[in-house]
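The values are calculated or read from the model by the stated rules, or taken from the named source; none is laboratory data. Fair warning: this is a prediction, and the values are worked out from it, not measured in the lab. Cβ sites come from the backbone with ideal geometry, for glycine too, and all protein chains shown count toward neighbours.
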Amino acid sequence: MSILEDAGKGRAERGGEASRNWCVYLLTCADGTLYCGVTSDMERRLAMHNGLLAGGAKYTRGRRPVSLTACADGLTRGEALRLEAKVKKKPRSGKVAALLGTRGSGPES
């Protein structure tokens, strides 16, 4: 198979497995607003949002501390990005339901 033929195929078709270690998360900020994001390391990303590690979203820097409200894990990167877009389009009242309506889990898992 040539490189060009291989390039047009998805990871599963090339014999590799898509990594299912991505999650979509919803944070509640100190001012009561919600923030939705995607990561492959929830613990590290939460520490970044709370200022314990360098990085984190500009949005959450002025709204600390933040707490994890919901998390849908076990997703591929593509699935996570699609779910994040879906959650962000929902009104506030539907964000948690949209996130947990998948394979989600609460902050305790």
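With segment 15-89 as the region, which helices (runs of 4 or more DSSP H) entirely inside it contain at least 2 residues that are out of contact with any helix residue (DSSP H, G or I) (no Cβ under 8 Å at 6 or more places or on another chain) and closer than 15 Å to Leu99 by Cα?
The helices (runs of 4 or more DSSP H) meeting that bar are 77-89.
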**Hey, Leu99 at pLDDT below 95, of a type outside the set (D, E, K, R), closer than 12 Å to Leu26 by Cα and buried (at least 18 other Cβ atoms within 10 Å of the Cβ) or not** = yes
**Request:** For Ala47, indicate whether it is free of Cβ contacts under 8 Å to residues at least 60 places away in the same chain, on the phi < 0 side of the Ramachandran plot and surrounded by 17 or more Cβ atoms within 10 Å (Cβ to Cβ).
**Result:** no
